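The values are calculated or read from the model by the stated rules, or taken from the named source; none is laboratory data. Please read all numbers here as calculations on a predicted model, not as lab measurements. Glycine also receives a Cβ, built like all others from the backbone with ideal geometry; neighbour counts cover every protein chain displayed. To get the accessible areas, we keep the full protein, side chains included, count just its heavy atoms, and leave off ligands, DNA and RNA. Shrake-Rupley method; radii C 1.70, N 1.55, O 1.52, S 1.80 Å.
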Amino acid sequence: MGAPTLPATRGKFLSTIAVLLAVLALSNFTKAFQNMSDPTKGLVVFGVRFETVLPNAILGPLFGIILAAYAYGIWKMQRWVLPLAIAYAFYVPVNLVVFWFLHGTMTHPPVIGLLIYHAVAFTGSIGTALYLAYHHDRLH
């Protein structure tokens, strides 16, 4: 008889992350519309902000699909979500660092705002990947 397997429960942390990723996916699906009303609201990919409608209309839904799949995988506790979580954990910090490097001359929000933003971004990306990796036995 093998070791007992744990039930595939998400818990509060993963449930919250899944919902937030779904909201982020929805935001990405609407990037073209957001950009039409304010060009500073374009999608940022590897530090480059897209400031016209066409790239946002193409890349926004593409990134929306990826984030929706990520949210679904977490919600259903699917094993295939772990590599996606790891890739996203690398993508978010790289995206943030390259963005600030490329746009370092612009005015920045207050330091406390940056710290809160980065804490949420890193918890949502790196923290989720670490949590899923540590609890990979709950994924099915």
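Using helices alone, what [θ] at 222 nm do you get for the chain, with -39,500 (n - 2.57) per DSSP H run of 4 or more residues, divided over all residues and rounded to the nearest 500?
So the calculated ellipticity at 222 nm is -21000 deg cm²/dmol.
Compute the helix-to-body angle for 11-29: its Cα long axis versus the longest principal axis of the chain, expressed 0 to 90° and rounded to tens.
So the inclination is approximately 30 degrees.
For volume of the Cα convex hull per residue in Å³, the listed values are [x] 129; [y] 107; [z] 119; which was obtained by calculation from the structure presented?
Read-out taken from this structure: [y].
Sequence-distant or interchain residues sharing an amide H contact under 5 Å with Val45, placed H: which?
HN-HN under 5 Å from Val45: Phe50.
Scan segment 51-140 for trypsin sites (Lys or Arg not before Pro) in coil per DSSP, keeping those whose Cβ has at most 16 other Cβ atoms within 10 Å, and list them by number.
Answer by residue number: Lys76, Arg79.
When only Cα pairs under 8 Å and 6 or more residues apart are kept, what is the percent relative contact order across the chain?
30 percent
Could you give the angle, 0 to 90 degrees to the nearest 10, between helix 81-102's Cα long axis and the longest principal axis of the Cα atoms of the chain?
Result, in degrees: 20.
Given a 1.4 Å probe and every protein chain left where it sits, what share in percent of the accessible area of the chain is carbon and sulfur? Can you show the working numbers first?
Working: 6540 of 8600 Å².
The computed percentage sits at 76.
Give the angle, between 0 and 90 degrees and rounded to the nearest 10, that separates the Cα long axis of helix 53-75 from the longest principal axis of the Cα atoms of the chain.
With rounding to tens, the tilt is 20 degrees.
Under a GNM of the chain (C-alpha, springs under 10 Å), which listed residue has the highest mean-square fluctuation: Ala119, Ala129, Ala57?
Top of the fluctuation ranking is Ala119.
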